[in-house]
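Reviewing the structure listed below.
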Amino acid sequence: MTFDSYFVLAESAALLVGLSKGGLPSVGMLAVPLLSLFMPPMKAAVLLLPIYVISDVVSVWLYRKDFSLPNLKILVPAGLLGVFIGWLTASFTSESAVKLMIGCMGVGFCLNTWLRKSPKEKQAADTKKGWFWGTLSGFTSFISHAGGPPFQIYVLPQRLPKVQFAGTATLLFAIINAAKILPYQLLQPYSYDDLMRAAELVPFALIGTVLGAYITQKIADIWFYRLVQTGLFIVSLKLIADVVL
């Protein structure tokens, strides 16, 4: 693969990260698999972390007034616990097993949502469920930036306003990503070349962040949640396919 083809893939990955940070969840999870066409998955995850963190700064400002505080009070400490567990177990955790588990959960959630005959009443924030899914979200985010599906499985039944849903995800993962900086550096230190590669991709991530926020504001609520669910389903299938094919 040539440098030019790598750069196109890297630009696309950074743009996807930005779009997800702007309020279009799930699409960012495609970034690591995309870069994995050129480098090992863990290396791709390490390279993209600075892009996530810089995009977080913009997205937090964009959604600074739109979030669910009851959910964040549960999900933030749970997510940090998940990051800590991911750090402790990184040396012997099977990335394939994590991908398969999260993929099956995502597919199962979507099928249950789409196939049930009568819709359930919207749910409220729940401490026990929030700690379970929040911890899992932090753990899978640490392993492969795949924290989206557990978060969505927990929050989607609450049927939050779309901007509040996006803002809650933005603030949660901004904190989780910041918490991953030191453990990533200890596990696989950044080289000068890594940081220069990441710096080249920052403009594409920032463009994606602003574009994602604009699309989120404009799209109708019903289509926003259909997009989220469809994205969750596609990404979950991709995670399963990575393991079984």
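Points worth noting:
- Boolean, Ile51 is hydrophobic (A, V, I, L, M, F, W, C), surrounded by 15 or more Cβ atoms within 10 Å (Cβ to Cβ), at pLDDT 80 or above and more than 29 Å from Asp126 (Cβ to Cβ): yes
- Residue satisfying all of: in segment 148-169; closer than 25 Å to Met101 by Cβ and of a type in the set (S, T, N, Q); nearest to the chain's Cα centre (by Cα) among these: Gln152
- So Leu206, is it farther than 30 Å from Leu111 by Cα, under 17 Å from the mean Cα position of the chain (by Cα) and touching a residue at least 40 places away in the same chain (Cβ under 8 Å): yes
Quick grid of which residues meet (1) within 29 Å of Phe204 (Cα to Cα); (2) in contact with a Gly (Cβ under 9 Å, 6 or more places away or on another chain); (3) of a type in the set (Gly, Ala, Ser):
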{"position": "Ser68", "(1), (2), (3)": "yes, yes, yes"}
{"position": "Gly86", "(1), (2), (3)": "yes, yes, yes"}
{"position": "Thr113", "(1), (2), (3)": "no, no, no"}
{"position": "Phe139", "(1), (2), (3)": "yes, yes, no"}
{"position": "Tyr154", "(1), (2), (3)": "no, yes, no"}
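- Note on segment 112-125: residues that are polar (S, T, N, Q) and modelled with pLDDT of 80 or more amount to 1.
- Of the listed requirements (1) part of a helix (DSSP H, G or I); (2) over 17 Å from the mean Cα position of the chain (by Cα), Gly130 misses just one: (2).
- Members of segment 69-96 that are under 18 Å from Gly148 (Cβ atoms) and either at pLDDT below 80 or exposed (fewer than 12 other Cβ atoms within 10 Å of the Cβ) (or both): Glu95
- Test for Tyr192: is it aromatic (Phe, Trp, Tyr) and farther than 18 Å from Leu16 by Cα: yes
- On the stretch given as segment 126-156, residues that are over 13 Å from Leu81 (Cα atoms), in contact with a Lys or Arg (Cβ under 8 Å, 6 or more places away or on another chain) and modelled with pLDDT under 90 total 2.
- Counting only residues that are modelled with pLDDT of 80 or more and within 14 Å of Leu201 (Cα to Cα), segment 10-39 holds 10 of them.
The values are calculated or read from the model by the stated rules, or taken from the named source; none is laboratory data. All values reported here derive from a predicted model rather than from experimental measurement. Quick reminder, even Gly has a Cβ in these numbers, built from the backbone with ideal geometry, and neighbours come from all protein chains shown.
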